[in-house]
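Below is one structure; the comments refer to it alone.
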Amino acid sequence: MTLTVPSTFKKLLIGSAVASALFLTGCASTGSSMLGADQNADSRLTQGNDARFFSKSGYQACAAGAAVGVAGCLLSGNQKASCMISAGLTACGVAMGANYYLDQRREEYASTTERLEVMSQDIQEDTQKVVARTETARQVMADDRARIERLEQEMAEQRVDQAEAERELAAIDNNISILRRDLGNMQRTVTEYEEVAELERQEASPQEIAKVEQEIEVMNKQVLALQQEVDDLYNMRSAITLG
């Protein structure tokens with residue numbers, strides 16, 4: 001099947017080709033260490049497979065994901081152009097927004113039923129990414145809560161090391177900043193899937209839309225659960241004021 005590539009995506013491929021070159025020379029990072037808050041944050045939040053999924057804006061996430069696929073295409077044999085297009089389409093998903101995502105899927109699937117089936121799979125995959133990120137976040141937050149409790153005890157006993165306490169609180173603040181950034185991108189992903197479902201509503205059966213909306217709600221509940229835990233940690237951290 002021949003794919004018609006939107007002009008926006010052609011521009012993206014140019015950027016992705018540059019990014020892939022950086023990737024091949026070891027200059028690109030799967031995490032987000034270029035961001036200031038990440039430098040002093042827990043490495044579990046900045047490294048590993050789950051660190052990259054929700055750490056960037058839609059365009060950045062799309063370009064970064066496409067770069068990896070495009071890099072593989074550049075190392076492959078024939079049909080590099082079609083390989084690069086396919087790699088880019090797969091990488092972007094809903095990261096580029098509801099309208100872009102729907103246009104992409106309409107290029108691939110003429111049937112609304114097929115599109116919604118693929119969309120359901122995409123939602124489930126993104127939900128698993130949220131679950132993986134939540135598991136990592138909970139490990140970090142458990143350690144941060146323990147650090148806060150220890151600092152509270154030291155302050156109550158007037159034996160706190162001021163400089164060390166400031167460093168620890170700064171690290172906790174950085175962790176919270178990263179998690180809030182990730183949550184913003186997770187919430188954006190949920191919203192964009194909701195918008196795609198609404199755009200497909202007129203052509204789909206009520207049963208098909210209901211299934212997709214149920215998948216979206218599962219993802220949304222995972223995001224809201226993480227949001228609550230991050231808010232609880234923030235409130236706990238905010239209660240500490242060093243003299």
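Every read-out reported here was derived from the displayed coordinates using simple, explicitly stated rules and does not represent laboratory data. Quick caveat, the model's predicted, so the values are computed rather than measured. Reconstructed Cβ throughout: ideal geometry from the backbone, glycine too, with neighbour counts over all protein chains shown.
So the values come out like this:
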read-out	value
Net lengthening on full extension, A156/A142 (0.36 nm per residue, minus Cα-Cα)	2.9 nm
Total formal charge among the other residues, if their Cβ is under 13 angstrom from that of I240, Lys/Arg +1 and Asp/Glu -1	-3
Packing-based exposure ordering (other Cβ within 10 Å, fewest first) of L179, L226	L226, L179
For segment 113-127, Karplus couplings with θ = phi - 60° (6.51, -1.76, 1.60), whole Hz, Gly/Pro x	4, 5, 4, 5, 5, 5, 4, 4, 5, 4, 4, 4, 5, 5, 5
Spacing of the two label points (7 Å from each Cα toward its C-beta) at V218 and E203, in nm	2.5
For Q124, net neighbour charge (Lys/Arg +1, Asp/Glu -1) across residues whose Cβ lies under 14 Å away	-4
Principal semi-axes in Å for segment 136-243 [√(5λ), Cα gyration tensor, largest first]	42, 11, 8
Length released on extending from L242 to N49, taking residue separation times 0.36 nm less the Cα-Cα span	65.9 nm
Per-residue ³J(HN,Hα) for segment 44-53, Karplus 6.51 cos²θ - 1.76 cosθ + 1.60, θ = phi - 60°, Hz, x for Gly and Pro	5, 8, 10, 10, x, 5, 7, 5, 8, 5
Fully extended contour minus Cα-Cα distance, from V131 to A225, at 0.36 nm per residue	32.8 nm
